[in-house]
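*Asks:* Here you go, one structure.
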Amino acid sequence: MTIDWTNVREDFPILKRKINDQSLIYFDNAATTQKPKQVIDAITNYYQNYNANVYRGVHTLSGEATQVYEDVREKVSKFIGAKQKEEIIFTRGTTSSLNYLAKSLASKIKAGDEILLTYMEHHSNIIPWQQLAKEKNANLVYVQLTNDGKIDIEDYRKKLNTRTKIVAFTHVSNILGTINPVQEMTKIANEKGAIVIVDGAQAVPHFEVNVQALDVDFYVFSGHKMLGPTGIGVLYGKMQWLEAIEPAEFGGEMIEFVQEYKSTWAAIPKKFEAGTPNISGAIGLGAAIDYLNTLGMKNIKAYEDSLFKYLYESLLDIDGLKIYGPDDLCERSGVISFNLDDIHPHDLSTALDLEGIAIRAGHHCGQLLMRQLNVVATSRISLYFYNTKKEINQTIQALRNAKEFFNG
Ligand code: C6P
């Protein structure tokens, strides 16, 4: 299939917006992606035509809503190559999936155990483990990064030992863009008997992910970074792990029998979905997956890679611009962090915003990584398939203008 990537933009109403009298150029896709009308329409259709709670009614509307909600579970399962749809738990997003796991796995951790993280983790993949370590008197251990922003595999091997109970790391760094060798890291961790949890927030939207091939124990991601709405995310777990862990949230629909002083749990996945779920969010996520499948993840990756190469080489041309992360573009996904001379990223971002260009500036929820890079903040451009070379050219010019303005 040949895709007209410029035509794809017609599906995204927001891309017609003007910001400061200029056409919007949206380069903050790692924070959240824009939504195609197919996703917006699917949510509207639910509220207009079959709004009801799931599982709770025998009436027609509830049956319809339940059917679509469960169909989305199946779609997600196929999209990430899970063995069965019951391995897909709906959550509010990556952060809530990781918090859920930290609570659910608490019973497996005792004093002196180790939880292995890396220096490129998002705060969402640090703080829940810090809290768990504090509660259990366990220890957090961090894997070093190489100078070009990759996980130091030798250090990783060294730090894994029989005390390591959990290894949690990101598939793709939201700051460096580094794609980590998940399969290799999982194999090494499993040999030591550690549970492997992978943060796929910046991976699933951009290339094909197959959790069975990766052989991870748990994999988590957010709907809103892959065209879906906010407030919906996924916690994938291998069935044997989901059977071995306890729920961390309790209430309606996650039970089987309730007695005065004890209860039993519903079958997986309902055991892990207490209360009314985000039904419209799941429906929006289902429409997002349909949309991505229509384009094809392989096509998306190929187009994004070519766009990224163009962006990377154009940025390299700007004097005084320092790029963070791997030099080998095969080891990167569509995120690029940089600093330009001594211009504060917030100033740079504000200057670009005046020209209608949205980039992100700050620590990107990665304060540990900022300290490793010896900076307080970076500017960041993150791409998606609706971006174009023309937008990159305009942004490069805007960066040159800002350089001249701030440096006089
Ligand atoms: N990163 C960014 O601009 P939530 O907020 O739960 O949907 O996702 C959290 C999260 C976890 N892991 C990684 C690797 C992430 O990139 C993010 C979100 C956004 O980089 C917001 S800070």
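*Asks:* Can you tell me which residues in region 278-328 are part of a loop (DSSP other than H, G, I, E, B) and open to solvent by 30 Å² or more (accessible area, probe 1.4 Å)?
*Replies:* Asn278, Asp317, Asp319, Gly320, Asp327, Asp328
*Asks:* Report, by residue number, each residue of region 334-358 that is aliphatic (A, V, I, L, M), away from the ligand (no atom under 11 Å from the Cβ) and either within 14 Å of Ser173 (Cα to Cα) or touching a strand residue (DSSP E or B) at 6+ places or on another chain (Cβ under 6 Å) (or both). Outline the logic, then answer.
*Replies:* Narrowing region 334-358 to residues aliphatic (A, V, I, L, M): 335-336, 340, 343, 348, 351-352, 354, 357-358.
Keeping just the survivors that are away from the ligand (no atom under 11 Å from the Cβ) gives 336, 340, 343, 348, 351-352, 354, 357-358.
Ile336, Leu340, Leu348, Ile357, Ala358, listed by residue number.
Residue-wise test of (1) assigned to a loop (DSSP other than H, G, I, E, B); (2) surrounded by fewer than 18 Cβ atoms within 10 Å (Cβ to Cβ).
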| site | (1), (2) |
| --- | --- |
| Ala203 | yes, no |
| Glu208 | yes, yes |
| Leu235 | no, no |
| Glu246 | yes, yes |
| Glu253 | yes, yes |
| Phe257 | no, yes |
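*Asks:* Of the residues Gly81, Gly63, Gly112, which is more than 16 Å from the ligand (Cβ to nearest atom) and within 25 Å of Thr294 (Cα to Cα)? Outline the logic, then answer.
*Replies:* Numbers: Gly63 fails: within 25 Å of Thr294 (Cα to Cα); Gly112 fails: within 25 Å of Thr294 (Cα to Cα).
After applying the criteria, what remains is Gly81.
*Asks:* OK, next. Quick one: would you say Glu64 is charged (D, E, K, R) and surrounded by 22 or more Cβ atoms within 10 Å (Cβ to Cβ)?
*Replies:* Values: charged (D, E, K, R): yes; surrounded by 22 or more Cβ atoms within 10 Å (Cβ to Cβ): no.
No: the conditions fail for Glu64.
*Asks:* On the basis of being open to solvent by less than 50 Å² (accessible area, probe 1.4 Å), within 20 Å of the chain's Cα centre (by Cα) and more than 15 Å from the ligand (Cβ to nearest atom), does Ile166 make the cut?
*Replies:* Answer is yes for this residue.
*Asks:* So, in region 17-53, how many residues would count as being under 27 Å from the mean Cα position of the chain (by Cα) and either part of a loop (DSSP other than H, G, I, E, B) or at positive phi (or both)?
*Replies:* Adding up the residues that qualify gives 11.
*Asks:* Let me ask another. Within region 210-233, work out how many residues are surrounded by fewer than 17 Cβ atoms within 10 Å (Cβ to Cβ), over 17 Å from Ile179 (Cα atoms) and among the charged types (D, E, K, R).
*Replies:* Number satisfying all stated conditions: 0.
*Asks:* What residue, among those in region 15-53 that are farther than 15 Å from Gly284 by Cβ and of a type in the set (A, V, I, L, M), is surrounded by the most Cβ atoms within 10 Å (Cβ to Cβ)?
*Replies:* Ala30
*Asks:* Taking Val376 as meeting all but one of (1) closer than 22 Å to Thr170 by Cα; (2) part of a strand (DSSP E or B), write down the number of the exception.
*Replies:* Every listed condition holds for Val376 apart from (2).
*Asks:* Being without any contact (Cβ under 8 Å) to a residue 24 or more places away in the chain and touching a Lys or Arg at 6+ places or on another chain (Cβ under 8 Å) is the filter here; which residues of region 350-382 pass it?
*Replies:* Ala361
The values are calculated or read from the model by the stated rules, or taken from the named source; none is laboratory data. The shown structure was predicted, so the numbers you read here are calculated from the model rather than taken from an experiment. Cβ sites come from the backbone with ideal geometry, for glycine too, and all protein chains shown count toward neighbours. Keep in mind that these areas ignore ligands, DNA and RNA; they rest on the heavy atoms of the full protein, side chains included. Shrake-Rupley method; radii C 1.70, N 1.55, O 1.52, S 1.80 Å.
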